[in-house]
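Please read the structure below before turning to the comments.
The values are calculated or read from the model by the stated rules, or taken from the named source; none is laboratory data. In this text, all values refer to a predicted model and were calculated from it rather than measured experimentally. Glycine gets a Cβ as well: all are built from the backbone with ideal geometry, and neighbour counts include every protein chain shown.
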Amino acid sequence: MKKPESLMMSLGYVPEWSEGSVKPPIFQTSTFGFKTAEEGKRFFEIAYGKSSLEPGEQMGLIYSRLNNPNMQILEERLAVLEHSEEAAAFVSGMSAISTVMLAYLKPGDTLIFSNEVYGGTHHFVHHYLKSIGVNVLSILDWSDTKQIEQTLESKGLIEKVAMIYCETPANPTNTLVDLKAVVRLKKQLESRLGKTVILAVDNTYLGPIWQKPLEFGADLVCYSATKFLNGHSDVIAGAVMGSREAIGPVKGLRTFLGGMIAPYTAWLLTRSLETLHVRMNYQTQNAQKLAQFLEGHSKVKKVLFPGLESMSSSQKEIYHKQCKSPGAMISIVLHGGEAEAFRFLNALKLIKLAVSLGSNESLAQHPHSMTHSDVPDEEKAQMGIELSLVRISVGIEHADDLIEDLKQALENV
């Protein structure tokens with residue numbers, strides 16, 4: 001079997017299909033012609049679950065809300081990267097995350113939720129899901145699964161648990177969630193309730209190269225594909241990977257919510273996957289050099305970066321058992337407060353002051369007032385999102401130039 005790096009160049013596409021074009025063309029069409037009415041009927045029977053594919057039978061193209069060659073090529077390659085059976089591509093990361101939650105949660109159900117997550121996810125859970133009657137138990141410490149069970153029981157929520165959702169490393173503090181502990185909780189609940197409890201993990205920071213939650217027992221892995229998967233700051237997209245069984249309801253709901261990826265966006269993302277390993281591995285090399293520099297700087301109170309010796313023993317233990325690399329996201333806590341953080345950010349020259357992450361260019365932002373501005377201040381304090389915390393996404397510029405930029409910006413603090 002070829003390695004993923006090689007498969008990203010050709011999987012799912014044969015040049016002879018498109019006049020010998022080495023790269024897949026953009027199938028910018030809304031609908032596809034059928035050879036016969038009988039063929040159209042058969043495709044719709046399969047698409048709407050009225051019938052299943054026979055051995056050796058292939059599903060045909062119907063309509064780009066249902067399937068499109070660019071989307072199918074992309075999804076095949078995403079599944080290979082994640083070592084999953086299926087993948088579903090979306091118009092945005094939030095579309096992917098919200099569709100997963102809506103596919104498995106209904107009013108009255110309980111969601112066990114890792115509260116330290118991307119601000120958009122936090123808002124969707126606490127402002128929308130709660131408004132439609134979904135019960136949410138927010139968790140910061142996953143180490144004591146028995147205590148989580150007891151809390152669920154005391155609140156009368158345990159019988160309705162339908163999903164566990166976590167993000168690791170957490171945005172923006174790089175806090176690691178022990179996936180083995182979360183899977184242990186999932187199995188305890190499934191044994192008690194006699195039903196499946198879906199575990200979904202946001203793997204945007206480290207996946208799909210540096211961490212593979214499916215190998216630990218997760219059912220679904222969610223991504224903002226805008227970030228590392230694309231890496232060029234020119235696409236908004238999302239992705240979900242998992243087993244065929246777990247992806248089924250997600251794809252079904254995607255069809256009717258209309259959140260599928262567009263052909264041109266899928267084509268751009270397919271292009272990006274060809275260089276994914278090269279980009280991400282270079283980015284983490286840069287990040288490790290920057291983290292080492294920042295740890296020794298007098299203006300920096302704390303560096304939050306997986307794998308550092310300054311991590312707590314429990315965090316180091318999680319890192320070594322589930323992460324293949326520390327990634328390319330660094331958060332620093334400066335001495336001072338918001339004013340010092342803003343002076344630092346305003347002084348950056350090479351590193352751009354912008355939200356988002358995982359792209360070729362390095363970016364820095366202020367989570368407390370930007371990406372996580374909607375999170376209540378008391379929750380931010382519990383998570384360690386301080387006023388002087390700055391999040392840095394490390395790109396592929398030369399590490400020496402990035403360090404020089406950080407050095408001159410820190411002089412302003």
Suppose we filter 59, 8, 71 for residues that are within 21 Å of residue 243 (Cα to Cα), touching a residue at least 24 places away in the same chain (Cβ under 8 Å) and not assigned by TED's automatic domain parsing to the domain that holds residue 225; which single one remains? 8
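Considering each of 242, 248, 231 in turn, give the residue that is in contact with a strand residue (DSSP E or B) (Cβ under 9 Å, 6 or more places away or on another chain) and either buried (at least 17 other Cβ atoms within 10 Å of the Cβ) or under 24 Å from residue 395 (Cβ atoms) (or both).
Every option except 242 fails the conditions.
Can you confirm whether residue 78 is within 23 Å of the chain's Cα centre (by Cα), under 30 Å from residue 152 (Cα atoms) and either assigned by TED's automatic domain parsing to the domain that holds residue 207 or free of Cβ contacts under 8 Å to residues at least 60 places away in the same chain (or both)? Show your work before the answer.
On the way: within 23 Å of the chain's Cα centre (by Cα): yes; under 30 Å from residue 152 (Cα atoms): no; either assigned by TED's automatic domain parsing to the domain that holds residue 207 or free of Cβ contacts under 8 Å to residues at least 60 places away in the same chain (or both): yes.
When the stated conditions are applied, residue 78 does not pass them.
Pick from 242, 238, 259, 248: which is under 19 Å from residue 118 (Cβ atoms), of a type outside the set (A, V, I, L, M, F, W, C) and out of contact with any Cys (no Cβ under 9 Å at 6 or more places or on another chain)? Talk me through it step by step, then tell me what you get.
On the way: 242 fails: under 19 Å from residue 118 (Cβ atoms); 238 fails: out of contact with any Cys (no Cβ under 9 Å at 6 or more places or on another chain); 248 fails: under 19 Å from residue 118 (Cβ atoms).
Among 242, 238, 259, 248, only 259 is under 19 Å from residue 118 (Cβ atoms), of a type outside the set (A, V, I, L, M, F, W, C) and out of contact with any Cys (no Cβ under 9 Å at 6 or more places or on another chain).
Could you check, for the stretch 109-132, whether at least one of its residues is on the phi > 0 side of the Ramachandran plot and not assigned by TED's automatic domain parsing to the domain that holds residue 374? Show your work before the answer.
Taking the stretch 109-132 first, the residues on the phi > 0 side of the Ramachandran plot are none.
Taking every residue of the stretch 109-132 in turn, none turns out to be on the phi > 0 side of the Ramachandran plot and not assigned by TED's automatic domain parsing to the domain that holds residue 374.
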The condition of being hydrophobic (A, V, I, L, M, F, W, C), within 13 Å of the chain's Cα centre (by Cα) and either crowded, with 23+ Cβ neighbours inside 10 Å or not assigned by TED's automatic domain parsing to the domain that holds residue 147 (or both) holds, among 218, 237, 287, only for 237
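Going residue by residue through the stretch 84-92, is there one that turns out to be touching a residue at least 12 places away in the same chain (Cβ under 8 Å), over 30 Å from residue 280 (Cα atoms) and not aliphatic (A, V, I, L, M)? Steps first, answer last, please.
Applying the first criterion (touching a residue at least 12 places away in the same chain (Cβ under 8 Å)) to the stretch 84-92 yields 84-92.
Retained after the next criterion (residues that are over 30 Å from residue 280 (Cα atoms)): none.
For the stretch 84-92, residues touching a residue at least 12 places away in the same chain (Cβ under 8 Å), over 30 Å from residue 280 (Cα atoms) and not aliphatic (A, V, I, L, M): absent.
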Taking first residues from the stretch 26-47 that are more than 24 Å from residue 250 (Cβ to Cβ) and second residues anywhere that are assigned to a helix (DSSP H, G or I) and among the hydroxyl-bearing types (Ser, Thr, Tyr), the pairs with Cβ under 8 Å that are 6 or more apart or on different chains are 26/264; 28/264
Residue list for the stretch 120-147, restricted to those being small (Gly, Ala, Ser) and under 21 Å from the mean Cα position of the chain (by Cα): 120, 138
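Going residue by residue through the stretch 325-334, is there one that turns out to be out of contact with any Cys (no Cβ under 9 Å at 6 or more places or on another chain), surrounded by fewer than 18 Cβ atoms within 10 Å (Cβ to Cβ) and of a type outside the set (Lys, Arg)? Talk me through it step by step, then tell me what you get.
So in the stretch 325-334, the residues out of contact with any Cys (no Cβ under 9 Å at 6 or more places or on another chain) come out as 325-334.
Of the ones still in play, those that are also surrounded by fewer than 18 Cβ atoms within 10 Å (Cβ to Cβ) are none.
So far as the stretch 325-334 goes, no, none of its residues is out of contact with any Cys (no Cβ under 9 Å at 6 or more places or on another chain), surrounded by fewer than 18 Cβ atoms within 10 Å (Cβ to Cβ) and of a type outside the set (Lys, Arg).
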Could you say whether any residue in the stretch 145-152 is at pLDDT below 95, assigned by TED's automatic domain parsing to the domain that holds residue 207, touching a Lys or Arg at 6+ places or on another chain (Cβ under 7 Å) and closer than 27 Å to residue 212 by Cβ? yes
How many residues are at negative phi and either within 24 Å of the chain's Cα centre (by Cα) or not assigned by TED's automatic domain parsing to the domain that holds residue 291 (or both) when one looks only at the stretch 382-406? 13
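Filter the stretch 261-284 down to the residues that are of a type in the set (A, V, I, L, M), over 29 Å from residue 308 (Cβ atoms) and surrounded by fewer than 23 Cβ atoms within 10 Å (Cβ to Cβ) and list them by number.
Hits for the stretch 261-284 are 262, 268.
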Subset tally (residues that are out of contact with any Lys or Arg (no Cβ under 9 Å at 6 or more places or on another chain), modelled with pLDDT of 95 or more, under 25 Å from residue 238 (Cβ atoms) and among the charged types (D, E, K, R)) for the stretch 336-378: 1
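Please report, ordered by residue number, the helices (runs of 4 or more DSSP H) entirely within the stretch 15-106 with at least 2 residues that are in contact with a strand residue (DSSP E or B) (Cβ under 7 Å, 6 or more places away or on another chain). It would help to see each step written out before you state the result.
Values: elements: 37-47, 69-82, 93-104.
Counting at least 2 such residues, we get 69-82, 93-104.
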Taking only the stretch 388-413 into account, find how many residues are surrounded by fewer than 21 Cβ atoms within 10 Å (Cβ to Cβ), more than 22 Å from residue 338 (Cα to Cα) and not aliphatic (A, V, I, L, M). 5
Is there a residue in the stretch 21-38 that is within 22 Å of residue 74 (Cα to Cα) and acidic (Asp, Glu)? no
Residues (surrounded by fewer than 23 Cβ atoms within 10 Å (Cβ to Cβ), touching a residue at least 40 places away in the same chain (Cβ under 8 Å) and in contact with a strand residue (DSSP E or B) (Cβ under 9 Å, 6 or more places away or on another chain)) located in the stretch 360-383: 361, 371, 379
